[in-house]
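The values are calculated or read from the model by the stated rules, or taken from the named source; none is laboratory data. Because the structure is predicted, anything quoted here is derived from the model rather than measured. When we count neighbours, we look across all protein chains shown, and the Cβ atoms used for this are built from the backbone with ideal geometry, even at glycine. Side chains are part of the model used for accessible areas, which takes the heavy atoms of the whole protein and leaves out ligands, DNA and RNA. Shrake-Rupley method; radii C 1.70, N 1.55, O 1.52, S 1.80 Å.
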Amino acid sequence: MKYISILGSTGSIGTQTLEVVRANGDIQVTALAAGARIDVLEQQIREFHPRIVCVWKEESARELKTRIADLSVRVVCGMEGLIEAATEEKAEIVVTAVVGMVGIRPTMAAMKAGKDIALANKETLVTAGHLIMPLAKKCGVRIFPVDSEHSAIFQCLQGNQGNRISRILLTASGGPFRGRKREELKNIQVEDALKHPNWSMGRKITIDSSTMVNKGLEVMEAGWLFDVDLDQVEVVIQPQSVIHSMVEYEDGGIMAQLGTPDMKLPIQYALYYPERRFLAGDRLDFASMGKITFEAPDMINFPGLALAYQAGKAGGTMPTVYNAANEWAVSRFLNRKIGYLDIVDSIAAAMEQHHRKENPGVEEILDAEQEVYEFLEHCRGTFSD
């Protein structure tokens with residue numbers, strides 16, 4: 001029996017992780033943590049019987065506690081509760097599927113408690129990779145990537161340890177607006193941006209995919225996960241989402257991981273590594289597929305990707321600025337407070353005014369995040385209302 005904790009259990013990755021648990025039957029969920037969807041969380045509790053549950057808001061935690069008074073489950077809240085869920089005694093691996101920089105502290109606490117990490121919270125490495133990777137080594141814990149692209153790279157590295165990587169070829173679908181010019185994106189509405197052509201994901205990451213900011217975050221994450229310079233991470237548009245990413249070795253040989261766009265595969269691989277288990281679902285049919293095509297990314301009309309390379313190479317607090325500005329802007333776009341093009345414009349404005357700090361600690365990272373929020377709130381009049 002394997003024991004796991006899931007942070008972000010009611011989101012897209014969290015619910016699919018529970019599908020994997022349900023299908024296999026030899027995983028015990030010892031802790032769950034969620035934001036505010038307590039109806040869904042209650043159903044999960046009654047099915048999977050965790051020992052501890054965290055809800056972010058105290059008010060929601062009180063309501064949940066009343067609802068499950070017939071169960072012997074400990075209910076906690078806030079950051080302290082999230083850390084308790086991440087460090088639950090019996091858990092061997094923690095699935096970090098929360099959205100945003102809120103994942104930094106519980107991830108670090110879990111590693112210090114000797115837990116392996118199934119990482120689906122890319123913001124943790126983007127903003128604090130210089131802290132996370134050395135800590136994992138010091139604590140002797142493993143980080144298994146859950147993002148489909150990073151899982152693909154991880155899979156391509158198996159059996160090739162010790163061989164030098166020449167390039168990482170990080171694939172992207174191009175999102176729903178591939179091929180459009182900036183002028184054509186002016187009047188994009190929330191509903192348009194939420195129509196991803198291939199993947200079913202949460203709202204925030206779907207918007208990020210449409211702007212190519214998600215791929216920018218993945219570029220920075222790949223640098224930390226696989227210990228390569230960002231110049232060695234090349235984005236390739238692969239619209240069919242069949243090739244999930246590739247690794248080129250110094251002899252010119254390229255290893256690729258292919259499959260249908262199903263997040264349960266990387267989730268299951270992370271939970272059972274190095275074992276590969278049966279996974280129900282569609283299989284690729286190359287004859288009916290016909291072709292797989294490739295394009296270079298358009299960094300002129302989708303400058304969010306170019307800004308990510310700039311932020312990643314600058315390092316220090318600059319990746320935090322990139323991420324925080326995007327979080328601020330996507331939240332407001334989803335609430336129809338700013339326009340679609342304002343998302344990346346907000347990132348550019350925040351990066352332009354920021355005075356970078358080298359080797360920031362957790363508090364400095366969180367301070368930089370708050371500074372970005374305050375800056376953008378102050379200048380939000382320059383964006384659409």
Just the number, please: Stokes-Einstein D of the stretch 295-385 in µm²/s, Kirkwood Rh from C-alpha pairs, 4 °C, 1.567 mPa s.
97
Taking GluC sites (Glu not before Pro) in a DSSP loop with at most 13 other Cβ atoms within 10 angstrom as exposed, one finds the longest site-free stretch of the chain at 90-249
Could you give the distance between the Cα centres of the stretch 110-125 and the stretch 53-69, to the whole Å?
25
per DSSP, antiparallel bridges as share of beta bridges in the chain, % nearest 5, sits at 25
Enumerate the calculated ³J(HN,Hα) couplings along the stretch 294-301 in order (Karplus 6.51 cos²θ - 1.76 cosθ + 1.60, θ = phi - 60°), each rounded to whole Hz, writing x wherever the residue is Gly or Pro.
9, 9, 7, x, 8, 8, 7, 7
The stretch 54-98: relative contact order as a whole-number percent, Cα under 8 Å and 6+ apart
43
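How high is the relative contact order of the chain, in percent, counting Cα pairs under 8 Å that sit 6 or more residues apart?
14
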The percentage of Cα-Cα pairs in the stretch 1-68 separated by more than 15 Å is 45
So which lysines pass the test for K2, namely a Cα distance under 16 Å, with those fewer than 8 places away in the same chain ruled out?
K90, K115
Roughly how many whole Å is it from the C-alpha centroid of the stretch 224-258 to that of the stretch 20-49?
34
In terms of modelled amide H atoms, which long-range or inter-chain residues lie less than 5 Å from the amide H of C54?
L32, A33, A34, V76
Residue by residue through the stretch 58-73, the couplings from Karplus 6.51 cos²θ - 1.76 cosθ + 1.60 with θ = phi - 60°, in Hz, x for Gly and Pro, are 4, 4, 5, 5, 5, 5, 4, 4, 5, 5, 10, 4, 7, 10, 8, 10
Does the chain come out rounded, prolate or oblate by the C-alpha gyration tensor, with a ≥ b ≥ c the root eigenvalues, rounded set by a/c under 1.5 and, if not, prolate when a/b is larger than b/c and oblate if not?
rounded
Rounded to the nearest angstrom and ordered from largest down, what semi-axes does the equivalent ellipsoid of the stretch 237-357 get from its C-alpha gyration tensor (root of 5λ)?
34, 19, 18
So, taking all protein chains as they sit and a 1.4 Å probe, how much accessible area belongs to R203, in Å² rounded to tens?
130
Once a ≥ b ≥ c are taken as the square roots of the eigenvalues of the Cα gyration tensor of the stretch 160-281, is the result rounded (a/c under 1.5), prolate (a/b larger than b/c) or oblate (a/b not larger than b/c)?
oblate
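On a 1.4 Å probe surface of the protein chains, which of C77, C156 comes out largest in accessible area, and what is the full order? Write down the numbers at each step before the final one.
Numbers: C77 50, C156 5 Å².
Final ranking, largest accessible area leading: C77, C156.
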Just grab the label-to-label distance for F286 and K181, each label 7 Å out from Cα along the Cβ direction, in nm (one decimal).
4.0
Hey, rough spin-label estimate for L71 and L258, points 7 angstrom out along Cα→Cβ, what's it come to in nanometres?
4.3
Along the positive direction of the dipole of the chain (beta-carbon charges: Lys, Arg +1; Asp, Glu -1; about the Cα centre), which of T124, I6, T317 reaches farthest?
I6
For every other residue with a beta carbon closer than 14 angstrom to the beta carbon of L217, add +1 if it is Lys or Arg and -1 if Asp or Glu, then tell me the sum.
-4
For the stretch 243-285, rounded, prolate or oblate, judged on the Cα gyration tensor with a ≥ b ≥ c (square roots of eigenvalues), a/c < 1.5 rounded, else prolate if a/b > b/c?
oblate
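Which is the longest stretch in the chain that no exposed loop site breaks, taking sites as chymotrypsin sites (Phe, Trp or Tyr not before Pro) with a DSSP loop state and at most 16 other Cβ atoms within 10 Å?
Values: sites that count: W199, F278, F294.
The longest such stretch corresponds to 1-198.
Which whole-number percent gives the relative contact order of the stretch 241-282, counting Cα pairs below 8 Å spaced six or more residues apart?
30
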Quick one: accessible surface of K337, probe radius 1.4 Å, all protein chains present, in square angstrom to the nearest 10.
100
If you roll a 1.4 Å probe over the heavy atoms of the protein chains, what accessible area per residue do you get for the chain, in Å²?
44
What are the ³J(HN,Hα) couplings of the stretch 262-278, residue after residue, when phi is run through the Karplus curve with 6.51, -1.76, 1.60 and θ = phi - 60°? Round to Hz, x for glycine and proline.
9, 5, 5, 5, x, 5, 5, 5, 5, 6, 10, 3, x, 6, 10, 10, 4
